[in-house]
Every structure is written in C-alpha cells, then in structure tokens.
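The values are calculated or read from the model by the stated rules, or taken from the named source; none is laboratory data. Fair warning: this is a prediction, and the values are worked out from it, not measured in the lab. Virtual Cβ from ideal backbone geometry, glycine too; neighbours counted across all protein chains shown.
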Amino acid sequence: MTTHTKTNTTANVTVIGLGAMGSALAGALLDAGHRVMVWNRTPSRADPLVARGAARAETAAEAVAASELTVVCLVDYAASRQVLEPAAGALSGRTLVNLTSDTPERAREAAGWAREHGIDYLDGAVMVPVPVVGTPEALLLYSGGQAAFARHEATLRALGGNARYLGEDPGAAALHDLALLDIFWTMMTAVLHAFALVGADGVRASEFAPLAVESITGLAPLLVEEAAAVDAGRHPGELAPLATDAEGVAHVAEASRVRGLDTSVIEAVHALMARTIAAGHGNDGFSRVIDAIQDRLPSGLPSATRAAASEAASGAPAGRRG
C-alpha cells in the first residue's frame, strides 16, 4: 500500500495543467488535506479531482487568484507561458512553482518573466513516475527563490517527501533533471541492447535481468570514483587502462554486428574512447573520456594517429594488450 506524505497545516494551492502528472500532483495535495483549485484547458480533465474535493476555476487567472501558491505542470515552457501570460496580474505577489520539464535556459527565462511581473518563482522537476508522486520517497528538485522555497516547503513536501532545494539559480533543477535523464535513458537503451544481445543466442531477458541488476547495483561506488577523478582532473589507469577497455567495447560492437543488431550506441562509446586514445591517453582511466565529450582534445592530430583512431572507432582494433 502506498503511503502519501501528510502535512500538519493546510494551504490553498492552485494546480494548472491536469495531464497524468499534473493530476497526480493535485491528487497528492488533496490527500495531504490541502484546499486545491484546479484549471485545465480541457475542463473535463478536472472532473475526477473535483469529485475528490477540488474546486474548479473557469479561467487560469481565477485559478491563480485563489491561492498564494500555484503549481503548473504543462508540456513545455511555451505552453506554460501561453497559459500564464494572461494571468500575470493575478499572480503578482504570489508564488509560482513551475514543474514543467524543459531546459535550464528556458527555466531562467521563465524566472526573468516572473521577476518582471512581481511573482516569486521556483522552478522544479519531478524525478519519479506518476504512481510515486506524493509518497515520502518521491524525489522532487527545486531551485530559484530560497525564501519562496522556505515559505512553502511544508506544502511542497505533499508532492514528494524527498524535496531537494538546489540553490538560487532557477535553471539548476532543470539542469539536474536533464543530467539524470541522460543517465537514465542511456542506461535503459544499454539494458535493452543487452537483452537483444543475449536474446539473439536464445537467452530470455528475464533470465538475464537478475545478473544485470546485480552488475548495475555494484556500479554505485565506481560512479563516485569517476566523479572524484573528473573533479580532480586526474585519471589513473593502472588497474584498467583505457586502451584495454576499448578492446572490450569493440568486442561488444563486433558481437552485435554478427547478430544483426544496431550498433550505433556502442560504436559512439567506442569512438569517444578511440579519440581519447589517439590523443595520447590510452594508459589513463575511462574518466579521461570526458575530455572527448567536452571536445577538449587537441585538434590536428598526425595522420598516423588519425588513422589509428579511425581504425579503433571502426570496431577493429589493431592489436591486443597483454
């Protein structure tokens, strides 16, 4: 049974945008005992929430005028601006929490717009799927006005008990959101590719999954080590030189091609490693690849070095290391 976050005080909160996530946010606020006003461009989306006790506004301006705190969750910032622009006067002097997913740059633009209209602004990101919203473990990120976050923190914890404030930069929540999505979608693509790789030889994904879970769980300490290496700018490779690791990646690509699988993702990884090796970093650790990602490797490599990089990126390394 899912346990939702409860608060000791009640507040008036407006929720604009009642897609699956917006409806979950409004529902979590209702579950926590708050008085909730809702508005959506398609009014019927509000019906289930009204049946649970929410009030329905006829316009976005009416909705935001009903509460000191407004939470908006729409498809992107263009949509949120379109909805909120006519309601800017009603929002003045109140707090807007924008949980719409978009880029850090657009989050900062939205904060500038809010500042121009006298609106206290918090940007945020919901880092859990819809069924987890409102639970104590649900992670939500916030950034922007510290005073606004402190004032409404108790209410916001109804949306998820694991509420993280990341600082005054309104783009910080969106930045961290995208970085975590970068990890998630790249990892999930690798997981599906691994399922396809073993599946080509008759191994069911469900048979392989427990081993994959064990392996991924064990990577947590390595992530911390790689972060320390990146921050220090030192990439020791005594135990696992990049040149050796690249051979293993080339083998994954080769086996995938033999089985008729798409190799674009693993070849992209190998190409980054090959560029780093060609720049003279074959004895460094894998974390050195960040130089290739950040495009900080020297240009104009000698022709022999370029040829070696091209050969390595093709998935056919010239030799093996002992």
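Being crowded, with 16+ Cβ neighbours inside 10 Å, over 11 Å from the mean Cα position of the chain (by Cα) and among the acidic types (Asp, Glu) is the filter here, so list the residues in region 167-193 that pass it. Once the filter is applied, which keeps residues that are crowded, with 16+ Cβ neighbours inside 10 Å, over 11 Å from the mean Cα position of the chain (by Cα) and among the acidic types (Asp, Glu), region 167-193 yields only 169. If you check residue 204 against the conditions, is it surrounded by fewer than 16 Cβ atoms within 10 Å (Cβ to Cβ) and among the basic types (Lys, Arg)? Answer is yes for this residue. Screening residue 147 with (1) surrounded by fewer than 22 Cβ atoms within 10 Å (Cβ to Cβ); (2) touching a Leu at 6+ places or on another chain (Cβ under 6 Å); (3) under 26 Å from residue 90 (Cα atoms) gives one miss only, at (2).
Yes/no per residue for (1) within 29 Å of residue 141 (Cβ to Cβ); (2) not acidic (Asp, Glu):
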position: 181; (1), (2): yes, yes
position: 185; (1), (2): yes, yes
position: 195; (1), (2): no, yes
position: 201; (1), (2): no, no
position: 213; (1), (2): yes, yes
position: 218; (1), (2): yes, yes
position: 221; (1), (2): yes, yes
position: 228; (1), (2): yes, yes
position: 231; (1), (2): yes, no
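Taking first residues from region 177-196 that are among the β-branched types (Val, Ile, Thr) and partners that are surrounded by 13 or more Cβ atoms within 10 Å (Cβ to Cβ) and in a helix (DSSP H, G or I), the Cβ contacts under 8 Å between residues at least 6 apart in sequence or on separate chains come to 186/265; 189/265; 191/212. The condition of being out of contact with any helix residue (DSSP H, G or I) (no Cβ under 6 Å at 6 or more places or on another chain) and not charged (D, E, K, R) holds for only one of 110, 173, 158, that being 173.
Yes or no, residue by residue, for (1) in a helix (DSSP H, G or I); (2) over 27 Å from residue 101 (Cα atoms); (3) in contact with a Gly (Cβ under 9 Å, 6 or more places away or on another chain):
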{"position": "168", "(1), (2), (3)": "no, no, yes"}
{"position": "196", "(1), (2), (3)": "yes, yes, no"}
{"position": "211", "(1), (2), (3)": "yes, yes, no"}
{"position": "229", "(1), (2), (3)": "yes, yes, yes"}
{"position": "248", "(1), (2), (3)": "yes, yes, no"}
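Here residue 236 fulfils each of the conditions (1) exposed (fewer than 12 other Cβ atoms within 10 Å of the Cβ); (2) in a loop (DSSP other than H, G, I, E, B) apart from (1). Checked across region 110-125, the condition of being closer than 20 Å to residue 154 by Cβ, of a type in the set (Lys, Arg) and in the same structural domain as residue 167 (by TED's automatic domain parsing) holds for no residue.
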